[in-house]
Amino acid sequence: MRLLSAAAALCLAAVLGPAPALALGCKTLDFDGQGYTVCRVDMERDDLRLFLEAPDGRPWGQFGRLDAALEGEGRRLSFAMNAGMYHADRAPVGLYIQDGEEIAPLVAGAGPGNFGLVPNGVFCIAGDRARVIETEAYRADPPACRHATQSGPMLVIDGELHPRFLPDSTSRYVRNGVGTFAGGGEAIFAISHRPVTFHEFGRLFRDGLGVDQALFLDGSVSKLHAPALNRSDFGRTMGPIIGVAAPAEGAGE
């Protein structure tokens, strides 16, 4: 088990803080000279889901369109991010499971681009637990995921950075990803404020947040919806979206 340094433990406490009335919480922080927004999802209290296509068969594409649809159900989108890489038609690149239905299959082995920079992995929601699982481990013993999205590369693997990350890399993008702890009771999402390297982003999850496993989601299209921070990014049409559907004010559970 990796032990957090005192500085890392203080950083994590500053990010998460005490649980608010709604378990979900998003905050900004600085780590190693870079700014990030970090969102904590309590898997026992927050309804974290994946979203791909609207009833008309088109991808939701934008946070606002999805939020408006949830309003019709007496719910609101209290947090969301883009949830992995996708093809030109917005279809997921790798494994994608939504509400227990496998829409796209697992893709194993090395390949082009960041997705194929193995080891890559799967973010799986099963019951009230969330896990980031390395792809080959998932293939060997696939859990019963209610929702799952595959992406790559892994950022943190069993408490260690991806072996291909270089401290002196010059490849910088605004990046977003997700990390989980061994117990699976929380999922920690993060997005950088400015372009960062893989090494810097991986260190945020490993050293700043102390997660056991973390997965890169994207760096070409990295967007965040966090109404509590008065932020809802708009721009290029997204493929898969991951978000928390919370009861709207005045609506019952």
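The values are calculated or read from the model by the stated rules, or taken from the named source; none is laboratory data. No experiment lies behind these values; they were computed from the predicted model shown. Backbone-built Cβ (ideal geometry, glycine too); neighbour counts: all protein chains shown. Side chains included, ligands, DNA and RNA excluded: accessible areas come from the protein's heavy atoms. Shrake-Rupley method; radii C 1.70, N 1.55, O 1.52, S 1.80 Å.
Where only protein heavy atoms count, and the probe is 1.4 Å, what is the accessible area per residue for region 169-253 in Å²?
On a per-residue basis, 37 Å².
Roughly how many debye, to the nearest 20, is the charge dipole of region 105-230 about its Cα centre, given +1 on each Lys and Arg Cβ, -1 on each Asp and Glu Cβ, and no other charges?
380 debye
In debye to the nearest 20, how big a dipole does the chain give about its Cα centre with +1 on each Lys and Arg Cβ and -1 on each Asp and Glu Cβ?
With only Lys, Arg, Asp and Glu charged at Cβ, the dipole is about 580 debye.
Compute the normalised compactness of region 19-72: alpha-carbon radius of gyration over 2.2 N^0.38 Å, N being the residue count.
1.50
For region 114-207, calculate the relative contact order in percent as a whole number, restricting contacts to Cα pairs under 8 Å that are 6 or more residues apart.
28 percent
Which residues' amide hydrogens lie under 5 Å from the amide hydrogen of PHE31, considering only partners 5 or more residues apart or on another chain, with H built in the peptide plane?
Long-range HN contacts for PHE31: TYR36.
Can you pull the Kirkwood radius for region 120-188, inverse mean 1/r over Cα pairs, to one decimal in Å?
Hydrodynamic radius (Kirkwood, Cα only) of region 120-188 equals 13.0 Å.
If I model a spin label at GLU101 and HIS193 as a point 7 Å from the Cα along the Cα→Cβ vector, what separation in nanometres do I get?
4.1 nm
May I ask for the net charge around SER220, where only other residues with Cβ less than 10 Å from the Cβ of SER220 are counted and Lys, Arg are +1 while Asp, Glu are -1?
My count for the surroundings of SER220 gives +1.
Counting pairs of Cα atoms in region 186-253, how many percent are more than 17 Å apart?
So the pairs more than 17 Å apart make up 55 percent of the total in region 186-253.
Placing +1 on the Cβ of each Lys and Arg and -1 on the Cβ of each Asp and Glu in the chain, which of LEU161, VAL174, LEU52 has its Cα farthest towards the positive end of the resulting dipole?
VAL174
Over all directions, what mean area does the Cα convex hull of the chain project, stated in square nanometres?
13.1 nm²
What distance in nm separates the simple spin-label points at ARG236 and ALA54, each placed 7 Å from Cα in the Cβ direction?
Between ARG236 and ALA54, the label points sit 2.1 nm apart.
Please work out the Cα convex hull volume for region 153-218 and give it in Å³ per residue.
72 Å³
Just the Cα atoms of region 66-191, one point each, no solvent: what log10 I(q)/I(0) does Debye give at q = 0.12 Å⁻¹?
Normalising to I(0) and taking log10 leaves -0.49.
Please state the relative contact order of the chain as a whole percent: Cα pairs under 8 Å, 6+ residues apart?
Averaging sequence separation for qualifying contacts and normalising by length gives 29 percent for the chain.
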